[in-house]
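Have a look at the structure below before the remarks.
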Amino acid sequence: MSGRDDGLAVLPYGDRALLVEVAGLDAVAAVRAALEHDPLPGQVDLVPAARTVLVLLDRPPADTDAARLRRLSLTPPPDDDAVRAVDLPVVFDGPDLDDVASLTGLAVPQLVAELTAAELTVAFGGFAPGFGYLTGLPEHLHVPRRSTPRTRVPPGSVGLAGPFAGAYPRASPGGWQLVGRTDAVLFDVDRDPPALLRPGTPVRLREVR
Amino acid sequence: MLRVLASGPLATVQDAGRPGWAAIGVPRSGAADRAAHDLANRLVGNLPSAATVETTAGGLRLRAERTALVAVTGAPVPVTVAGRPAPINAPVTVPAGAELVLGAPSIGLRTYLAVRGGVDVPPVLGSRSTDRLSGLGPDPLQAGNVLAVGDLAGEEPVVDVAPVRPPSDRPVLRVLPGPRRDWLAAEAWTRLVSDAWTVSADSDRVGLRLTGPRLERARDDELPSEGLVPGAVQVPPDGAPVLFLADHPVTGGYPVLAVVVTADLPAAAQLRPGDGVRFRSSHR
């Protein structure tokens, strides 16, 4: 529809949603935080992703909605003290650990040291209930997906793919490079909140043996 | 209580789904034909939040352990209570001990059974819906299951029979342009709204796969995954569009060419494998 200097655009998405497109993850976080704090009238859900935030409404979107979205500030949200950092215990014995070490040119102990030093943040979810795409890996730890995805990745597997790290809440097919596993309960429908890793949550991987 | 004697090909418990959890990867789910689900609840005087049984291609047999007020809506099926024909789109009393049988639909796919008070299974994240994609909610019904009846009933129903048009045998779904229409070749939209499409066999509550002309892309780079809605018409690399239904994934990585208007999602949910379907531009 209409663009802005900073790349924010509002795209049509049927008669119950609008798609806010921005330049990258920081802007996604800003849009998400702004709309969580001050929702549009009738807003029923938000879907943050890599470059977009989908805004779902219980009514047809109006011109005034698009206008308001176009005026959103992309200032990063202030650190929310209510968002507790997650310390994810990881055993680094994944089947792709050696491959990742050679892809990054690091010895395994150095790779583990760099992974546990990274200050990660949940950027968005969407792949499966409780799965969070973690950003904040230094660029030299970005590795491609496996050329052949696994038909079954065991629950708790911790993997890397492109700029992201992530942990599988339950068994599923997957192409991420598996570096370890965690016994943290990533998703529990009887817990409040059900997902351990929610957008905006700071995360550190902590080595356990 | 209702005892399941036979489930047919697929019968699940459904309600309005679980909106509000998309950010942590939980699909909305819920009744695929919301209009039929809502009507079934109204006919027995249920609150809108009550759960119904969604059958796929009929074939549901139940025994009422206690007298129950029920209503059958959606894809029209022959209904019998204790062996006697009973109307659809109307409240029907099933006496204690009697069998309720839903036959196969003459047209359409999904038939809904409401019971006064609602089907009571433990809610998961606020909903009793079975989500076939994420696995949340109760398992599909099986012979031998006993369904409790809840207390989500309001005033006694006053409607005797609801006039309902059966699903069309020549359905036309209205579409609005999707957010990534420009990722497809210029003629893709024209083809979508002018050509005839067929629902393929690998269609389910997640979505309808459509066969027809191959829709070409205008650009080959990878679209970062972004949020989906029910009714989104996504075009994967093979050029055969997918029309997403209730159990659609939260995000998808292929361009969305068009979005079916909300009012026409019930008709989309009634399409069976092999059915023809057309699209019409609803662009204002």
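The values are calculated or read from the model by the stated rules, or taken from the named source; none is laboratory data. This is a predicted model, so every value here is computed, not measured. Heads up, the Cβs are rebuilt from the backbone with ideal geometry, glycines too, and the neighbour counts pull from every protein chain shown. Surface areas here come from the heavy atoms of the whole protein model, side chains and all, with no ligands, DNA or RNA. Shrake-Rupley method; radii C 1.70, N 1.55, O 1.52, S 1.80 Å.
Taking 1 over the mean of 1/r across every pair of different Cα atoms in the stretch B:127-284, what Kirkwood radius in Å do you get?
Kirkwood hydrodynamic radius for the stretch B:127-284: 17.4 Å.
Compute the Rg/Rh shape ratio of the protein assembly as shown: radius of gyration over Kirkwood radius, all on alpha-carbon atoms.
Answer for the protein assembly as shown: 1.00.
According to the square roots a ≥ b ≥ c of the eigenvalues of the Cα gyration tensor, what is the shape class of the stretch B:79-131, taking rounded for a/c under 1.5, prolate for a/b larger than b/c otherwise, and oblate for the remainder?
Taking the square roots of the gyration eigenvalues as a ≥ b ≥ c, the stretch B:79-131 is oblate.
Please compute the modelled spin-label separation between B:Asp139 and A:Ala171, points set 7 Å along Cα→Cβ, answer in nm with one decimal.
Each label point is offset 7 Å from its Cα along the Cβ direction, giving 1.5 nm.
For A:Glu36, B:Glu65, give the ranking by accessible area with the largest first, probe 1.4 Å.
A:Glu36, B:Glu65
Run the 1.4 Å probe and let me know the accessible area of B:Ser200, rounded to the nearest 10 Å².
20
What number, rounded to the nearest 500 deg cm²/dmol, is the helix-based mean residue ellipticity at 222 nm of chain A, given -39500 (n - 2.57) per DSSP H run of at least four residues and division by all its residues?
My calculation for chain A gives -5500 deg cm²/dmol from helical runs alone.
Leaving out ligands, DNA and RNA, and with a 1.4 Å probe, what % of the accessible surface on the protein assembly as shown is carbon or sulfur?
51
So, for chain B, what is the accessible surface per residue at a probe of 1.4 Å, expressed in square angstrom?
Per-residue accessible area for chain B comes out at 41 Å².
Might you tell me the accessible area per residue for the stretch A:56-155, computed with a 1.4 Å probe and given in Å²?
54
For a test of the definition: using alpha carbon positions, the gyration tensor, and the 1.5 limit on a/c, classify the stretch B:28-84 as rounded, prolate or oblate.
oblate
Want the number for B:Glu216 to B:Ala186: 0.36 nm per residue separation, take away the alpha-carbon distance, what's left?
9.9 nm
Under a point spin-label approximation (7 Å from Cα along Cα-to-Cβ), what is the B:Ala82-A:Gln110 distance to one decimal in nm?
8.3
Relative to the longest principal Cα axis of chain B, at what angle does helix B:34-43 sit, 0 to 90 degrees, rounded to 10?
So the inclination is approximately 20 degrees.
If you place +1 on the Cβ of every Lys and Arg and -1 on the Cβ of every Asp and Glu, how big does the dipole about the Cα centre of chain B come out, in debye to the nearest 20?
440
Rounded, prolate or oblate: which fits the stretch A:1-146, taking a ≥ b ≥ c as square roots of the Cα gyration tensor eigenvalues, rounded meaning a/c under 1.5, else prolate when a/b beats b/c?
Taking the square roots of the gyration eigenvalues as a ≥ b ≥ c, the stretch A:1-146 is prolate.
In terms of modelled amide H atoms, which long-range or inter-chain residues lie less than 5 Å from the amide H of B:Leu60?
Placed amide hydrogens put B:Leu102 under 5 Å from B:Leu60.
Heavy-atom accessible area of B:Trp183 with all protein chains present, probe 1.4 Å, nearest 10 Å²?
Near enough 10 Å² of accessible area.
Ignoring ligands, DNA and RNA, how much accessible area is buried between chains B and A, both sides summed, with a 1.4 Å probe, to the nearest 100 Å²?
That pair hides around 2400 Å² of surface in total.
For chain A, modelled as a GNM with alpha-carbon contacts under 10 angstrom, which of A:Gly125, A:Gly105, A:Gly180 fluctuates the most?
Ranking A:Gly125, A:Gly105, A:Gly180 by mean-square fluctuation puts A:Gly105 first.
Please give the helix A:108-117 orientation as an angle from the longest Cα principal axis of chain A, in degrees from 0 to 90, rounded to the nearest 10.
30
Students often check this: by mean Cβ neighbours within 10 Å, which of A:141-149, B:67-75, A:40-48 ranks highest, and how do the rest follow?
B:67-75, A:40-48, A:141-149
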